[in-house]
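K.L.:
Let me begin by handing over the structure; questions about it come next.
The numbers here are math on the coordinates, done by the rules we state, and not lab data. All of these numbers come straight from a predicted model, not from anything done at the bench. We place every Cβ from the backbone using ideal geometry, glycine too, and count neighbours over all the protein chains shown.
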Amino acid sequence: MKQFLLLTLVISTASVGQERPYSIELFGAFTTSSKLFPHPNDADELNRSFFLSLDNIFHGGVELRRSIATLAAYVGIGVEYIQKTDVIDVPLLSGSIPVRDGYHVIPVELTGYFVLPIGNETIHVYMGGGIGMYMGSRVYEYPTARAQSIDSKAGFGIHVLSGMEYSLTPGFSLRSEIRFRDVQFEAVNQFTQPQTIYNGTIVSLDQAPFSSRLNIDGMTMRLGLAYHF
C-alpha cells in the first residue's frame with residue numbers, strides 16, 4: 001500500500017511538472033476603422049460631430065496568459081502599439097498645404113478567456129471579454145512644424161472576442177482571434193512656433209492649444225504565435 005501511494009505521488013508530481021500554465025504570445029493585428037474628431041468641444045454641433053476617417057490599420061503587440069485548469073479558462077494581460085496617420089490637404093488663400101494627421105495609442109487590456117466544449121486536444125475554441133486602458137496622443141504636422149502633445153487623457157473601455165487556438169507542439173501554438181472594442185481617448189496639442197514656410201509661402205500657425213478625440217471602434221483581427229511554459 002505504501003509503495004502504491006508513493007508511486008501515485010511520483011506520477012502526480014511528474015504530471016504537474018509537465019504542465020505549462022503560462023504562455024507568451026506575439027501577434028499581428030488588423031483593425032478595420034477609426035475616427036479622429038478634431039473639434040470635440042466646439043459649440044457648433046456640425047463641427048463637433050465632424051471626424052476624419054482613418055481606416056485599415058496594421059499593428060501588433062504581446063500578451064501574457066495564465067491558465068486556470070479547474071475552470072477551463074485563462075486570464076491574460078496584453079499591450080499593443082497602434083499608429084495611424086494620413087496626409088490631407090488643408091486649403092490656403094492660394095493653393096493648399098499637406099498636413100499629416102493621425103494618432104498613436106497604447107492599449108493595455110486585461111482579458112478573461114473561456115474555453116468552449118468543442119474542438120479536441122489540438123484545436124481549442126474560446127470566447128472572452130475584459131477591460132482596457134488606452135493611452136495615446138494625436139499626431140498633427142505641417143511641413144517643418146509639428147504640434148506638440150501637451151496633455152492627454154487616458155480612456156477606459158470594455159471588449160469582447162472569440163478565437164481559436166491550434167497546437168503545433170506542446171510548447172507552441174497558433175492563435176487567431178476577432179475582437180470588438182471601443183477605444184477612446186482625448187488629447188491636447190499646441191504649435192510652439194508662429195509660422196512655417198511651404199513652397200515659398202508663409203503659413204501662420206495658431207499657437208492656442210487645441211483638443212481632439214480618438215475613437216477606434218472597428219473590428220480587430222489578430223494572428224499570433226504563442227509559446228507555452
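K.L.:
Can you give me the distance in nm between label points at S162 and L110, each placed 7 Å from the Cα along the Cα-to-Cβ direction?
P.N.:
Modelled inter-label distance: 2.7 nm.
K.L.:
What value, in deg cm²/dmol to 500, does the helix sum -39500 (n - 2.57) over DSSP H runs of n ≥ 4 give at 222 nm once divided by the residues of the chain?
P.N.:
Here the helix-only value at 222 nm equals -3000 deg cm²/dmol.
K.L.:
Right, here's the next one. Sort 111-119, 182-190, 197-205 by the packing proxy (mean of other Cβ within 10 Å over each peptide's residues), most packed first.
P.N.:
Order by mean packing, descending: 182-190, 111-119, 197-205.
K.L.:
Any idea what the dipole of segment 20-228 comes to, in debye rounded to 20, about its Cα centre with Lys/Arg Cβ at +1 and Asp/Glu Cβ at -1?
P.N.:
480
K.L.:
Same structure again: Among 20-29, 163-172, how do they line up from the highest to the lowest mean number of other beta-carbon atoms within 10 Å?
P.N.:
20-29, 163-172
K.L.:
Let me ask something additional. If you average the alpha carbon positions of segment 194-229 and of segment 75-91, how far apart do those two centres end up, in angstrom?
P.N.:
Each part reduced to its Cα centre gives a spacing of 7 Å.
K.L.:
Follow-up. Tell me, what HN-Hα J-couplings in whole Hz come from the Karplus equation 6.51 cos²θ - 1.76 cosθ + 1.60 at θ = phi - 60° for each residue of segment 211-224, using x for Gly and Pro?
P.N.:
Values per residue, Gly and Pro as x: 9, 8, 9, 10, 9, 9, 10, x, 6, 10, 10, 10, 9, x Hz.
K.L.:
So, one more: How much length is gained on full extension from I131 to F50, taking 0.36 nm per residue of separation minus their Cα-Cα distance?
P.N.:
Taking I131 through F50 to full extension adds about 26.4 nm, to one decimal.
K.L.:
Calculate, for R146 and S33, the FRET efficiency according to 1/(1 + (r/R0)^6) with r their C-beta to C-beta distance and R0 30 Å; round to the nearest 0.05.
P.N.:
The computed FRET efficiency comes out at 0.75.
K.L.:
log10 I(q)/I(0), Debye, Cα-only segment 20-228, no solvent, q = 0.10 Å⁻¹?
P.N.:
-0.53
K.L.:
Right, something else. Give the order of S94, S34 when sorted by the count of other beta carbons within 10 angstrom, beginning with the fewest.
P.N.:
Least crowded to most crowded, the residues run S94, S34.
K.L.:
While we're here: Compute the signed sum of charges (Lys and Arg +1, Asp and Glu -1) over the other residues within less than 14 Å, Cβ to Cβ, of H228.
P.N.:
-1
K.L.:
Tell me the angle of helix 2-18 to the major Cα principal axis of the chain, expressed in degrees between 0 and 90 and rounded to the nearest ten.
P.N.:
Value to nearest ten degrees: 20.
K.L.:
Would you work out if segment 85-167 is rounded, prolate or oblate? Take a ≥ b ≥ c from the square roots of the eigenvalues of the alpha-carbon gyration tensor; rounded if a/c is under 1.5, else prolate when a/b is larger than b/c, oblate otherwise.
P.N.:
Prolate shape, in that a/c is at least 1.5 and a/b is the bigger ratio.
K.L.:
Based on the Cβ-Cβ distance from N41 to N199, what FRET efficiency comes out when R0 is 35 Å, to the nearest 0.05?
P.N.:
That gives a FRET efficiency of 0.60.
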